[in-house]
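To start, the structure under review is shown below, and the notes come after it.
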Amino acid sequence: MFFRYSTLAVTTLALTCSLAACEPKPEPGGTTTAASATAAKPKAKAKATSNLPPLLNPKGATLEAPAKYQIKFVTTQGDFVIEVIRDWAPRAADRVFNLVKIGFYKDIAFHRVVKDFVVQWGIHGDTQVSAAWRKAYMADEMVKESNKAWTLTFAKSGTDTRTTQIFINLKDNSADLDKQGFSPFGKVVEGKDVVKKLYADYGESVMGRGGNTEVFKQGNFYLEQKWPKLDYIKSASIVE
């Protein structure tokens, strides 16, 4: 088990809970003229964004993914590999590529494991990081590939709300999820037996139908204390 005691301050399927996060309000304006404000504000904002570490800077995650690539996930039950096909869902493929490159998927709990349905993960264990990405929304994409067994899809709570949470379809969920706009971007190609071993007895309980804000307030510290049997992603890397 990984103990990540953060002192820093889901997007889940539409069938479950939605996420909410507070956004900082802009500071009141000073006495600068309209011309000087126009010139000064963009520079200050750009400087602040560029100085942020990658894990806290969603706007800096702009790499375009290859047409096809693989990701290896090292977990507490073993390793599995997924293949991402960019043509299926380009925005999703780019987002996952960037998240892996910056090390986002490290010490991440499989917080939702429902037998014969889905395996879901993607809430960062550091509360400051999860807050930074909680409203880094992606626009929805056309459903080109159905939500068949072993495909991967971003979770969402409504239109254009995909961020960092991903799920694996453990069975053919296309009848329900395709019409709801869930766009698969890849598939599991190795380690299906590992995915099947992930701890599933908590089911939907960790997040609950109404959302569990403690996960976002306390991160992995809360999960490790309250839900000690959860499995975790140790690391994720692009297969070269």
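The values are calculated or read from the model by the stated rules, or taken from the named source; none is laboratory data. The shown structure was predicted, so the numbers you read here are calculated from the model rather than taken from an experiment. Ideal geometry is used to build each Cβ from the backbone, glycine not excepted, and the neighbour counts take in all protein chains shown.
Name the single residue that is nearest to GLY122 (Cα to Cα) among those in the stretch 160-186 being under 16 Å from the mean Cα position of the chain (by Cα) and surrounded by fewer than 21 Cβ atoms within 10 Å (Cβ to Cβ). Only one residue tops the list, namely THR161. Do we find a residue being within 16 Å of ALA61 (Cα to Cα) and either aromatic (Phe, Trp, Tyr) or touching a Gly at 6+ places or on another chain (Cβ under 6 Å) (or both) anywhere in the stretch 133-144? Within the stretch 133-144, one or more residues are within 16 Å of ALA61 (Cα to Cα) and either aromatic (Phe, Trp, Tyr) or touching a Gly at 6+ places or on another chain (Cβ under 6 Å) (or both). Just to be sure I understand, how many residues within the stretch 101-137 are assigned to a strand (DSSP E or B) and either surrounded by fewer than 19 Cβ atoms within 10 Å (Cβ to Cβ) or not hydrophobic (A, V, I, L, M, F, W, C) (or both)? Matching residues across the stretch 101-137 total 3.
Of the listed requirements (1) in contact with an Asp or Glu (Cβ under 6 Å, 6 or more places away or on another chain); (2) small (Gly, Ala, Ser); (3) in a loop (DSSP other than H, G, I, E, B), GLY186 misses just one: (3).
Residues are listed down the side, and each one gets a yes or a no for (1) under 30 Å from LYS192 (Cβ atoms); (2) at pLDDT below 95:
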{"residue": "SER36", "(1), (2)": "no, yes"}
{"residue": "LYS59", "(1), (2)": "no, no"}
{"residue": "GLU64", "(1), (2)": "yes, no"}
{"residue": "VAL81", "(1), (2)": "yes, no"}
{"residue": "ILE85", "(1), (2)": "yes, no"}
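Checking each residue in the stretch 48-57 for being surrounded by fewer than 17 Cβ atoms within 10 Å (Cβ to Cβ), modelled with pLDDT of 95 or more and assigned to a loop (DSSP other than H, G, I, E, B) picks out only PRO53. Look at the stretch 64-89: where a residue is over 15 Å from GLU240 (Cβ atoms) and a partner is basic (Lys, Arg) and part of a loop (DSSP other than H, G, I, E, B), sitting 6+ places away or on another chain with Cβ atoms under 8 Å, you get ASP87/LYS144; TRP88/LYS144; ALA89/LYS144. Being over 17 Å from ALA155 (Cα atoms) and at pLDDT 95 or above is a property that PHE97 lacks.
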